[in-house]
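Visitor: One structure coming up, written as structure tokens, with questions to follow.
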Amino acid sequence: MSKRIVVAVTGASGACYARRLLQVLSAGGAEVHLVMSPYGRRLFADELNLRRPTPETLAGPEAARSITVHPYRDVGAKLASGSFLTDGMIVCPCSSNTLGEIASGTGANLISRAAAVHLKEARRLILVTREMPISQIELENMLRISRAGGIICPASPGFYMLPKRIDDLVDFVVGKLCDLVGVSHTLHTRWNPEGESSGRPIG
């Protein structure tokens, strides 16, 4: 049975992570439900030159068939209800503003509302934070979400895979996210102690 995954895109830098995540989730057979904040849409324009981010422009025409877009302001959408069963939600990238909204449980938009639903239903919620450095306020918000059952997964790629391109670093993070929601992938992201094709630590 295919996984049903909610993906939210907000205004922290890291559009390349979001686009690749959509591509890999779709390739892994997942049913994807996408929500973009206004700044998330702007992020695609600023960093990927995508003025109209759609499933087709983000993931390609074939993968787009498995992606449904939901309006950011529609807190009455099915994602806002616990009766809409999902296998997890990934906020990628997750801005500090969205982090604060989720930590406070406001539910003022579909992203924060869907996140609140995942926490209350004890479903997997993953926040891909990317801001640096991190203030005490952000640390406290992360701790509050972690205590509520969420997973804080910073966009911090490992270098033991001996990356050669930026795409390799992006794939490392996306592979970890797919592992966390149980979606299969073919990305080479796992440590191999034998140091074969997976690479070995430097130094």
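Quick note: the coordinates plus some simple rules give every number you see, no bench work behind them. Because the structure is predicted, anything quoted here is derived from the model rather than measured. Counting neighbours? That spans all protein chains shown, and the Cβs are built from the backbone with ideal geometry, glycine included.
Visitor: Calculate one ³J(HN,Hα) per residue across segment 70-85 by plugging θ = phi - 60° into the Karplus curve 6.51 cos²θ - 1.76 cosθ + 1.60, and present them in order as whole Hz with x for glycine and proline.
Guide: 10, x, 4, 8, 8, 6, x, 5, 5, 5, 7, 10, x, 6, 8, 6
Visitor: How high is the relative contact order of the chain, given as a whole-number percent (alpha carbon pairs under 8 Å, six or more residues apart)?
Guide: 22 percent
Visitor: In whole Hz and in residue order, list the ³J(HN,Hα) couplings for segment 113-119 that follow from phi through the Karplus curve 6.51 cos²θ - 1.76 cosθ + 1.60, θ = phi - 60°; x for Gly and Pro.
Guide: For segment 113-119, the Karplus-derived couplings read 5, 5, 5, 4, 4, 5, 5 Hz, x marking Gly and Pro.
Visitor: Here is a follow-up. Could you give the alpha-carbon Rg of segment 52-100 over 2.2 N^0.38 Å, rounded to two decimals?
Guide: Ratio of Cα Rg to 2.2 N^0.38 Å: 1.35.
Visitor: Now a separate question. Using the crude model of +1 on Lys and Arg Cβ and -1 on Asp and Glu Cβ, and no other charge, please compute the dipole size for the chain relative to its Cα centre, in debye to 20.
Guide: For the chain, the charge dipole is close to 340 debye.
Visitor: Turning to a different aspect of this structure: Could you state the orientation-averaged shadow area of the convex hull built on the Cα atoms of segment 83-203, in nm² to one decimal?
Guide: Over every viewing direction, the Cα hull of segment 83-203 projects on average to 9.0 nm².
Visitor: Kindly provide log₁₀ I(q)/I(0) values, in the same order as q = 0.10, 0.14 Å⁻¹, from the Debye equation applied to equal alpha-carbon scatterers of the chain.
Guide: -0.40, -0.78
Visitor: Give the peptides 1-13, 158-170 in descending order of average Cβ contacts within 10 Å, highest first.
Guide: In decreasing order of mean packing, 1-13, 158-170 become 1-13, 158-170.
Visitor: Here's a follow-up. I'd like the trypsin sites (Lys or Arg not before Pro) in segment 14-118 restricted to DSSP loop residues with at most 16 other Cβ atoms within 10 Å, sorted by number.
Guide: For trypsin sites (Lys or Arg not before Pro) across segment 14-118 that sit outside H, G, I, E and B with at most 16 neighbouring Cβ atoms in 10 Å, the list reads Arg51, Arg65, Arg73.
Visitor: Applying the Karplus parametrisation 6.51 cos²θ - 1.76 cosθ + 1.60 with θ = phi - 60° to the phi angles of segment 139-146, what ³J(HN,Hα) value in whole Hz is obtained for each residue in order, glycine and proline being reported as x?
Guide: 4, 5, 5, 4, 5, 4, 5, 4
Visitor: Name the residue from Gln23, Gly158, Val35 whose Cα lies farthest towards the positive end of the charge dipole of segment 4-181, charges +1 on Cβ of Lys and Arg and -1 on Cβ of Asp and Glu.
Guide: Looking along the dipole axis, the top candidate is Val35.
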